[in-house]
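See below for the structure under consideration.
The values are calculated or read from the model by the stated rules, or taken from the named source; none is laboratory data. Model, not experiment: these values are computed from the prediction. We place every Cβ from the backbone using ideal geometry, glycine too, and count neighbours over all the protein chains shown.
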Amino acid sequence: MVENGFQSSFMQEAAARGFIFQCTDPAALDDAMAKGSVAAYIGFDPTADSLHVGSLIQIMMLRLLQKHGHRPVALMGGGTARIGDPSFREEARRLMTEETISANLAGIEGCLRQFLAFGGGASDAILANNADWLDKLAYIDLLRDVGVHFSINRMLSFDSVKNRLDREQGLTFLEFNYSILQSYDFRELNRRHGVVLQLGGSDQWGNIVSGVDLVRRTDQKSVMGLTTPLLTTSSGVKMGKTANGAVWLSEARLPVFDYWQFWRNTEDADVGRFLRLFTDLPLEDCARLESLQGADINEAKKILATEATALCHGHEAAQAAAQAARQTFEEGKLTAADLPVHTVPQAMLAEGVPVFRLFVEAGLAKTNGEARRLVRGGGARVNNAVVQDENGVIAEKDMVEGAIRLSSGKKHHVLVKVG
RNA sequence: GGAGGAGUGCCCGAGUGGCUAAAGGGGGCGGACUGUAAAUCCGCUGGUGUACGCCUACGUUGGUUCGAAUCCAACCUCCUCCA
């Protein structure tokens, strides 16, 4: 463990909680943070209108900065979005329209506001958008100003690039330029807001180091980089994937109940790590909860779920989700309030609707076929009764306490109401 | 610019004229066992109000054929070597 030897409260806590993977100059960073407030940034690409759990470690890092009196800067990749991040290959290459980008920016900003305090104070967070400067860039100027400081030899030596070449994956010029633009962002934020630290996932190391170099060469200033570890669950799966894709942070994309469930279902081996990274609980509490054995660790998971959910959706919503879970899983209550609700038109239930269709309607299956398969596999339940006939009809008579509860498996529940 | 190789479902990957909605694995979903965990075992894993029907799918477009992921042509993209 590298957790001691740091003087600044931020570095001590960040290290102890497991946020630090690599740092360009730990001693200098520690020093700067011990002396005063430091501004640090992380970039977010507006590829969707919400962030998801994959970005959460970065957000928590910004939060930690704020807690220790430093200034977090969230940089929106509004400019780079118009190029399309090439690292996603095929998928992300479709170009986004201006409207999509600005809608996504607004959505992401909403996510960030849950976690950070924005404003004009010393440790208030700042939202920046690289479109503000990238849109104005002239190619030749960029090449002369920034391009000269990039050595192809050097770039080829970066792991991120080398791997691609070794695997015969091919690397486009565009992608190559990505690190130039990112470096340019760093310098711009340094000039505009005095940002001296760039944070990111471990995959960003090469780009971050490039930025550090650029600022040193052109501005003779020493800035730093710090990366977080790549998060996988203990069974080696990349974190944050679930039935319907990503675990989103915005309620519009993922009901609070489901967000709470995501954390509740953490593997035993990850509980301690996640408590330290994704909650504000004191380290002693994390250690105590982590050490619970056997079924007792479920208590720790509930605390993890409620704490993590509170950070994202607020205490009330988190408590409500916890209670809904308790009623549903422990007390076997059929229609606990605060389960995700899906409303359907009155007419639909008046006429009666085939079960499989209602499951699709409620979002528990993506297609009719998937819903039918769910029923055939014995995983579909209506009001807790296993559905036998996929074509069976559901109607108003099936309402219990004003709702019909649909379940996919043991964990996914939706209340269907008329609205 | 020249020569050679490659492009298959969410991912990896087999398949070289009909038995192919396409082996196998991963991932995902469901079931069993548990502790709403992990591990293990079992089932499912294009769409379509289910239909040995129709539609979509083996880079793109066209062609050969009763029939094409499979053969031919052109094109696109990627890789390797040469200039």
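Observations on the structure shown:
- Total residues in the stretch A:395-418, condition in contact with a Lys or Arg (Cβ under 7 Å, 6 or more places away or on another chain) and outside any strand (DSSP E or B): 1
- Residues (on the phi > 0 side of the Ramachandran plot and within 10 Å of RNA strand B (Cβ to nearest atom)) located in the stretch A:400-419: A:G409
- Restricting the stretch A:244-272 to residues that are of a type in the set (G, A, S) and surrounded by 14 or more Cβ atoms within 10 Å (Cβ to Cβ) leaves a set whose member that is modelled with the highest pLDDT is A:G272.
- Pairs meeting the criteria (first residue in the stretch A:312-327 and touching a residue at least 24 places away in the same chain (Cβ under 8 Å), second residue among the acidic types (D, E) and near RNA strand B (Cβ under 10 Å from one of its atoms), beta carbons under 6 Å, at least 6 apart or on different chains) are lacking.
- Summed over the stretch A:320-376, residues that are more than 9 Å from RNA strand B (Cβ to nearest atom), within 29 Å of the chain's Cα centre (by Cα) and not in a helix (DSSP H, G or I) total 10.
- Taking (1) within 13 Å of RNA strand B (Cβ to nearest atom); (2) closer than 27 Å to A:Q58 by Cβ in turn, A:D285 satisfies each apart from (1).
- Checklist (1) surrounded by fewer than 19 Cβ atoms within 10 Å (Cβ to Cβ); (2) in a helix (DSSP H, G or I); (3) within 13 Å of RNA strand B (Cβ to nearest atom) applied to A:L292, failing item: (2)
- Single condition A:K397 does not satisfy, out of (1) within 8 Å of RNA strand B (Cβ to nearest atom); (2) over 24 Å from A:Q261 (Cβ atoms); (3) of a type in the set (K, R): (1)
- Where helices (runs of 4 or more DSSP H) sit wholly within the stretch A:100-177, those with at least 2 residues that are charged (D, E, K, R) and either modelled with pLDDT of 75 or more or in contact with an Asp or Glu (Cβ under 7 Å, 6 or more places away or on another chain) (or both) occupy A:139-145.
- Index of the failed condition, A:A385 passing every other in (1) more than 8 Å from RNA strand B (Cβ to nearest atom); (2) without any contact (Cβ under 8 Å) to a residue 40 or more places away in the chain; (3) under 21 Å from A:R326 (Cβ atoms): (3)
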